[in-house]
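> I'd like to ask you about the structure that follows.
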Amino acid sequence: MRIVRPHATARRRHLAAAFALACCTSLAGLAGSPARAAQWPAQQPIRLVVPAPAGGSLDILSRPLATKLSAILGQTVVVENRGGAGGMVGADYVAKSTPDGYTFLMGAIHHAIGATVNRNLVFEPGKELVGVANIGTTPNVVIVNNRLPVHTPQELMAWLKQQGDKANYATGGPGTLQHLSMEWFKSLVGVKAMAVHYRGSSPAMSDLLGGQVDLMFETMPLALAQTRAHAVRAIAVTSQERSPALPDLPTLNETVAPGFAVSSWYGVMAPAAVPQPILQRMYQTIEQALAMPDIVQTWQSAGVQPQPMSQAEFQAFWLSEITRWGKIASEHDIRIE
């Protein structure tokens, strides 16, 4: 049997640690070098990570944006779906990616919420993941399966009170926007409904269509597509004021839940160590894409209103949303262990 003396083991550990540090230092230097930043994005395709399954609202908005960015940059922008944990799996993946400007996140309000409710969060918002460009905002839509005998917010309220503990609602996962919004609404108006959690909005919508769940507070792009197809019935929007996309649909605020107002937002994020010249160029490219009439029409047809912000404004807004939703999560004792 070969005996390894303690000092030899310690020396090996020291050498391994030194090697790892040298590799990381070299990689960081490569990612942040002025020459590499000046060449961006010549080296390889860019990945736009969508932290949700294909077919959901984030996916619907990301694909036309990726097409425009590809045309402007002269480099392929590939949409990559990485769903799970209310969007936090994909966000963590991007936060930990090599900061070379070739991996971005299609972020959303879910990442402000996830940062407040997920105790297993392994990256630090604002320090490991930063905002690049805001896309826009949209209300959520209260939708029900077509079998429910309700057509108005008032009828929904009456039905929920009649059902008591028997009603249920779908979410894209525990601690997601749909979950917190519905729990806030329930406490505000005094009704009950059991949460049924899914791995993203797309599978949740499938069960809503099939009648396995009763209702859902869903983001506008996905809800609008299903509403226009008459696959589900829209009851109300969750914003403070009515949406131009569904002008005849009342708000919960104006009908059964005064003071209730929730709107979703979308934006592109990146690993914090990406060189600022790359972040600035990506911001300018996104702003150029969002100014094109056809993509403005695409956003508006999905119920999204463009909302220009500078990089600094978007970063400050995102962090303020973490504070806001942290308060709501605390009030309703919603945490993911």
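The values are calculated or read from the model by the stated rules, or taken from the named source; none is laboratory data. Predicted, not measured: the structure shown is a model, and the values here were computed from it. Glycine gets a Cβ as well: all are built from the backbone with ideal geometry, and neighbour counts include every protein chain shown. The area values use the complete protein model at the heavy-atom level, side chains included, leaving out ligands, DNA and RNA. Shrake-Rupley method; radii C 1.70, N 1.55, O 1.52, S 1.80 Å.
> When the Debye formula is applied to the Cα atoms of segment 229-287, each taken as the same point scatterer, what base-10 log of I(q)/I(0) results at q = 0.25 Å⁻¹?
-0.99
> From the residues Gly87, Leu121, Val262, which one has its Cα farthest along the dipole of the chain in the positive direction, the dipole being from +1 and -1 charges on Cβ of Lys/Arg and Asp/Glu about the Cα centre?
Leu121
> Then there is this: Could you give the dipole magnitude of the chain about its Cα centre, charging the beta-carbon of Lys and Arg +1 and that of Asp and Glu -1, in debye to the nearest 20?
In debye, rounded to 20, the chain gives about 1340.
> Same structure, new question: Order the peptides 131-138, 79-86, 105-112 from the highest to the lowest mean number of other Cβ atoms within 10 Å of their residues.
Highest-to-lowest ranking by the protection proxy: 105-112, 131-138, 79-86.
> So if each residue of separation counts as 0.36 nm, and I subtract the Cα-Cα distance between Gln75 and Ala312, what length gain in nm does that give?
Length gained between Gln75 and Ala312: 82.7 nm.
> Oh, and also: Can you pull a Stokes-Einstein diffusion coefficient for the chain at 10 °C (1.306 mPa s), Rh from Kirkwood over Cα pairs, as a whole number of µm²/s?
Using the Kirkwood radius from Cα pairs, D works out to 75 µm²/s.
> May I pose another question? Suppose every K and R has +1 on its Cβ and every D and E has -1 on its Cβ; what is the size of the dipole of segment 123-248 about the Cα centre, in Debye to the nearest 20?
Here the size comes out at about 240 debye.
> Suppose each label sits 7 Å from its Cα in the direction of the beta carbon; what would the Gln43-Arg335 distance come out to in nanometres?
So the two model labels end up 4.1 nm from each other.
> Relative contact order for segment 59-185 using alpha-carbon pairs under 8 Å, separation at least 6, rounded to a whole percent?
Value for segment 59-185: 24 percent.
> FRET efficiency for Arg147 and Gln288, Cβ-Cβ distance as r, R0 = 45 Å, nearest 0.05?
After rounding to 0.05, the efficiency reads 0.50.
> At q = 0.22 Å⁻¹, what is the base-10 log of I(q)/I(0) for segment 194-270 according to the Debye formula with one equal point scatterer per Cα and no solvent? Please give it to two decimals.
-1.13
> Determine the calculated [θ] at 222 nm for the chain from helices alone, applying -39500 (n - 2.57) to every DSSP H run no shorter than 4 residues and normalising by the residue count; nearest 500 deg cm²/dmol.
Mean residue ellipticity, 222 nm, calculated: -14500 deg cm²/dmol.
> Working from the alpha-carbon coordinates of segment 222-337, get Rg over Rh, Rh being the Kirkwood radius.
Computed over Cα atoms, the ratio is 1.02.
> Still on this structure, please answer the following. As a test, work out the antiparallel percent of DSSP beta bridges whose residues both lie in the chain, rounded to the nearest 5.
Taking every DSSP beta bridge within the chain, about 60 percent pair in antiparallel fashion.
> Simple spin-label model, 7 Å along Cα-to-Cβ: Arg228 to Glu254 in nm?
Modelled inter-label distance: 2.2 nm.
> Please compute the length gained on full extension between Gln300 and Asp207, using 0.36 nm multiplied by the number of residues separating them and subtracting their Cα-Cα distance.
Contour length minus the Cα-Cα distance gives 30.8 nm.
> Roughly what angle does helix 177-189 make with the longest principal axis of the chain, taking Cα atoms, 0 to 90 degrees, to the nearest 10?
For 177-189 against the chain, the angle is about 40 degrees.
> Just for the Cα atoms in segment 69-122, what are the lengths along the principal axes, largest first, rounded to whole Å?
On the principal axes, segment 69-122 reaches 40, 20, 15 Å in Cα extent.
> Measure off 7 Å from each Cα along the Cα-to-Cβ vector at Gln163 and Ala261, then give the distance between these two points in nanometres to one decimal.
Result: 2.8 nm between the two label points.
> So how exposed is Phe317, as accessible area in Å² (1.4 Å probe, rounded to 10)?
The accessible area comes out at roughly 50 Å².
> Which links in Lys96/Lys192; Lys68/Lys96; Lys68/Lys186; Lys127/Lys327 stretch past 29 Å when you go from one Cα to the other?
Lys96/Lys192; Lys68/Lys186
> Let me ask something additional. Take the Cβ-Cβ distance between Gln276 and Arg324 as r, set R0 to 35 Å, and report the resulting FRET efficiency rounded to the nearest 0.05.
Once the sixth-power term is evaluated, E becomes 0.80.
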